[in-house]
1. Given R₀ = 60 Å, FRET efficiency for S664-A66 by Cβ-Cβ distance, to 0.05?
2. Amide H of T99: which non-local residues (sequence gap of 5 or more, or other chain) have their own amide H closer than 5 Å, using H built in the peptide plane?
3. What is the extension gain from V274 to T312, computed as 0.36 nm multiplied by their sequence separation minus the C-alpha to C-alpha distance, in nm to one decimal?
4. Net charge around L527, counting only other residues with Cβ within less than 13 Å of its Cβ (Lys, Arg = +1; Asp, Glu = -1)?
5. When a/c reaches 1.5 or more, the comparison of a/b and b/c decides; with that in mind, is segment 61-115 rounded, prolate or oblate per its Cα gyration tensor?
6. Does anything in segment 730-748 have its amide N under 19 Å from the 7 Å Cα→Cβ label point of A797, and if so which residues?
7. Karplus couplings for segment 277-287 from phi (6.51 cos²θ - 1.76 cosθ + 1.60, θ = phi - 60°), rounded to Hz, Gly and Pro as x?
8. Pairs to check: K429/K458; K25/K69; K167/K429; K470/K751; K164/K228; K167/K636. Give those whose C-alpha atoms are more than 22 Å from each other in this structure.
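The values are calculated or read from the model by the stated rules, or taken from the named source; none is laboratory data. These figures come from a predicted structure and were not determined experimentally. Every residue, glycine among them, receives a Cβ derived from its backbone with ideal geometry; neighbour counts consider all protein chains shown. Side chains included, ligands, DNA and RNA excluded: accessible areas come from the protein's heavy atoms. Shrake-Rupley method; radii C 1.70, N 1.55, O 1.52, S 1.80 Å.
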Amino acid sequence: MLAIAWIVVFIAVFIALAYHRVSLKIATAAIGVLLALCTLTSTGFGLGLFLWLVFAAVAIPLNVTAIRKPYITRPILDLFREVLPTLSATERTALDAGTVWWEGEMFSGAPNWNRLEQLPPAELSDEEQAFLDGPVQQLLDLCDEWKITHEDGDLPPEAWRFIKDNKFWAMIIPKQYGGLEFSAYAHSCVLSKVGSGPAGGTVGPIVAVPNSLGPAELLMHYGTDEQKDHYLPRLAAGEEIPCFGLTSPHAGSDAGAIPDQGIVCKGEWNGEQVLGMKLTWDKRYITLAPIATVLGLAFKMYDPDGLLGETTELGVTCALVPTDIEGVNTGRRHYPASAPFQNGPTWGDDVFVPLSFIIGGQDMIGQGWRMLMECLSVGRSISLPSGSTGDAIGNARLTGAYAVVRRQFNVSIGAFEGIQEALARIGGKAYACESVRRFTANAVDLGEKPSVASAIAKYHVTTMGQQVAKDTMDVHAGKAVMLGPSNPVARSFQAAPVNITVEGANILTRSMMIYGQGAIRCHPYVLDEIEAANNEDKSAALDDFDDLFYGHIGHDFAAAARSLVMGITGGLGSAGGKTDALKPYYQAMNRYSANLALLSDIAMATLGGSLKFRESISARLGDVLSNLYIASATVKRFVEDGAHADDLPLVQWVCEDAFATVESALAGVIRHLPNRPAAWLASLLIFPLGLHARVPSDELGRRIAALVQQPGATRDRLTPRCYISADKKDEGLALFERAMIATLDNAELQKKLVKACKDGTITADHPAEQIEAAGKAELFTAEELRRMRDLYALQMAVIRVDDFDPEELKSVAKKKPAASPKSV
Ligand SMILES: Cc1cc2nc3c(=O)[nH]c(=O)nc-3n(C[C@H](O)[C@H](O)[C@H](O)COP(=O)(O)OP(=O)(O)OC[C@H]3O[C@@H](n4cnc5c(N)ncnc54)[C@H](O)[C@@H]3O)c2cc1C
């Protein structure tokens, strides 16, 4: 009995030491003291001696460097070198580009919540706020969605002029070149507000692309002074329209495989013989290409005649090519998912340009891939997450209003539990989108180039935006299906796949990028261990690896102990931040962070380099990381918004939804790990009491649904910077909002009318006739009758759909599309 008690004490002390991650020396001393107590009080000489021998056999080699390094660490280092995952040059460049930010804490197994709480909040300057309230609002006022998408297939000329004159394409360009030099957060707020407008799917990419990865961004970082002085003021003033062409028919996701070429040669330029290159390219899907005046081009450069040196294959290079040069083909258009922003192919054969067209000049030959990777994380943190957030916010407001206004079975449809489920998802995901958008844009302002966080934001916000658009369609039902000027929701649903596809198609982003890069980049030890193992100075390699490896083992023991303990306690008692209401979420995240740290290492250790090909496992680990990031962004946003108790259901919904996904992803990894003993061990440590998280309850869902349907400060905080036209009160969201308020204000009169119809006081069938009958029966006062007539008119305006003369619909079918001449 006593022996069992001692075993329990030893295990408990061991777990406590690991949980608190004490140093090896303190752990050795603590176990030594415990062993001394045990042998002095409870064991016979023989057993005591045996235990001390075992202890010495383990503790001495581990604690004595002269034994540990040559006899333990070196063989492990040799083995590590053998199983080291091989990285291609492009993967290496992607890994080296960008920085690790908050997502690194999620990998640590013990996130530092002080760090999160101390991050300065994202804020707008007066100038940025004025731009949002002024030019952004005015631009959206100029854009009639139906005319753009159905009739003209383009923005009206005055909107193009407005975009240029108001420097919408110069948000990232410094003031010294005539740009707006906005913060990343302000830039993101502009795109979010644009995304919330009815024509957001079309206007969004037009505004976003010149401010994202493209000529301006590349010039600012890598351009020569001459190039910057020439192009940046012209781009800022809208005198040049930029586009950037990377994607080819044969190189979509695998952008490194572009077959487009630049062959170094001599040729004539402005009447002189100069060294240049003959460019041959065939690009597609290029936003703004049909109207661009300057084409940023990525191609592979070759020097077969050795005009630049001995190397023949010079690598991916980026150049700026004016589109008015002979041989540059632009002008044809694709028609992206009913959002007709300017997008099209561009091609050219043997177009000669001087080497000075290379961004950064000759020094940057072959540096194109690095340039693109380094800039990608910034643009990817902003453009698509912001557009999709705006979309989700707009849909949340529209759908909440519609659920109040639309009546079936004599009640607003928002009263039905089925609709409330959809409204809860819409509200919860809109809150999560805005939280992640804000958090990630703020990272850029804090000086980060968050490569993993930007991939998380890109994938999850665009996916959630698409889910919100789908739920929105389901709630609006027939009203959403019938296209026409009265339909404010269908275009966002149709255009959602655009954001899913661009800047890294989503399946690829989830399967390969988030965890594929995250595991190595964010892991507290792996990248450094790889660096140490690759160090050619063998002695330094051993020293560094020795430090790292035992730190890594300590990290794993801590993750295992924390997983086990918090798997039993649910994280109770672990670090919980300053805001009491958020404590349960911080504590749950402590647990899942430890789980991620542990399971990652088990997966990496048992699968080695093959993990990157096991996309389903790697994607699930990415889901754990991503959902912890989403939950962190959400608690941070709650505090930044003023920690209003009314917002707590939204935080709870997002966190519970995220945690349920985390647990299902963890269980999915464990289920599919090929090494079954490792999987059993992981299961025991991570789920000692089984799965714990529950999806948000129906009760919580009902609270979110109520919040989305109730005008007020909470709904406004949920949908910040949502475009509502100040002038066109009878259209779009402005109309829906008026109808919602009128419906809520007259709810008692409506009830009275329903009751009178039910008890036979009123016998009319048609709602308009019922109102008139109620007036005649003096059920309503004259004032009440007027209000009910107004309400009826508003409700009709909201529920009406468009119909067309058959001839009008033929106009679209008449135009016959053709492939670009290059592609046929
Ligand atoms: C509207 C629009 C605008 C665009 N604008 C530009 C622009 O201005 N400039 C520019 O250069 N490009 C642009 N693009 C290209 C875009 O950024 C994507 O890179 C490109 O569309 C992806 O190629 P693809 O569509 O051919 O998909 P594919 O590469 O054919 O991929 C098909 C599917 O396979 C998946 N997949 C591919 N590889 C893997 C993998 N290893 N693991 C798992 N899944 C994988 C993808 O996720 C996708 O679901 C634009 C695209 C669109 C649609």
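1. Rounded to the nearest 0.05, the efficiency is 0.80.
2. Close amide H contacts, sequence-distant or interchain: K449, S451.
3. 11.7 nm
4. Charge balance in the 13 Å sphere: -4.
5. Verdict is oblate for segment 61-115.
6. Output list for this probe position: 730-747.
7. Coupling constants for segment 277-287: 8, 9, 9, 10, 8, 8, 10, 9, 6, 8, 5 Hz.
8. K167/K429; K470/K751; K167/K636
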